[in-house]
Amino acid sequence: MMDKFARVTACPICESPRLRPFKKGTFDYARLRWDQVKITDSEYGKIWDLSECEDCGHVFADPSPAPEFILSLYGQVEDPVYDEEAEGRSRNFLGILKNLEKLSPAKGSLFDVGAATGILLSLARERGWSPAGVEASAWSVKRAADNYGLHLIQGAFEEVRLEPAAYQALTMVDFIEHTPAPRRAVMKAAEVLAPGGILCLVTPDIHSFAARAAGKRWWHLRPGHLAYFSGRSLTRLLQGAGLAIVKKRRYAWTFSAHYLLSRKKTFDVLTRPGRSASFLKRIPIKLALGDSFEIYAKKSASS
Ligand SMILES: [Zn+2]
């Protein structure tokens, strides 16, 4: 069991040895369970022992878990609550697709990394993209097939075999903070993108105002998050893979009122008792917290 975790001696992104403790862990991560890493887990505030790179500001789990340990958990995830929020999530994804359509020279095949139950890919297909994707959870892969007739590859993006230079667009929405191998993942993204293709990456910003204001109650502090990127570490990650940043935004989340109320420890401010759940599920609420990066990076057209 000793090799389930390893102490980190250099920054996983920029390789600097100048690391310092960032925050003390708040749960027993050696006993991490699959239900704690699902997308809709509400165990906010539970974090790994975290270190920070003094050079690029990257924050990461230290000791870091063995990739097999993490992947075995994601393989088991079942998350029906995620599917119930398909409408709100579609609104989130629509903005991404519109940006990709502006930045991409052509609407060809779009590959979604961590495709969950296929909500983004289904929407992309409606808009004329040819959808493909990978998802670790067997349950989610089956839901994507049942709900949308999508055939996702089941497994870890870093491990699966994909054709090089085959995709015009690649999306990683809330993926990179979950993977034990972020550099390998982005290198692979660059490899499978077609020349001139665009990667869209969305991930929480731990140095954002909202994160600092919320402190321990920040909703992105979760057991499933193995790393928290800084603007500098993200830039470094993308440039290191030969991708050029072409657009940066702050991601605005849309949830139903019901979803927010069911997590009201974190969203006290929105609490209004007395409405039925089905009514609340139809009310979209956009949260422009500005606490996630939404970055578009392009693969050189000549490579
Ligand atoms: Zn670093």
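Any read-out appearing in this document is the output of simple, stated calculations on the displayed coordinates, not a laboratory observation. Not measured: the values here are computed from a predicted model. Cβ: placed from backbone, ideal geometry, glycine included. Neighbour counts: every protein chain shown.
Taking residue 171 and the conditions (1) more than 13 Å from the chain's Cα centre (by Cα); (2) assigned to a strand (DSSP E or B), which numbered condition does it fall short on, given that it satisfies the others? The failed condition is (1). Among the residues of the stretch 1-32, those identified as part of a loop (DSSP other than H, G, I, E, B), surrounded by 11 or more Cβ atoms within 10 Å (Cβ to Cβ) and more than 16 Å from the ligand (Cβ to nearest atom) are 25, 26, 27, 32. If you go through the stretch 37-62 and keep only what is within 16 Å of the ligand (Cβ to nearest atom) and in a loop (DSSP other than H, G, I, E, B), you end up with 54, 55, 56, 57, 58, 62.
Note on the stretch 220-238: residues that are away from the ligand (no atom under 13 Å from the Cβ) and part of a helix (DSSP H, G or I) amount to 1. Close contacts from the stretch 51-66, counting a first residue that is more than 12 Å from residue 21 (Cα to Cα) and a second that is of a type in the set (Val, Ile, Thr) and within 9 Å of the ligand (Cβ to nearest atom), with Cβ to Cβ under 6 Å and a gap of 6+ residues or different chains, come to 56/13. Evaluation of residue 212 against the conditions (1) without any contact (Cβ under 8 Å) to a residue 24 or more places away in the chain; (2) within 16 Å of the ligand (Cβ to nearest atom) shows that the sole unmet condition is (2).
Among the numbered conditions (1) buried (at least 24 other Cβ atoms within 10 Å of the Cβ); (2) more than 21 Å from residue 41 (Cβ to Cβ); (3) β-branched (Val, Ile, Thr), the only one that residue 206 does not meet is (2).
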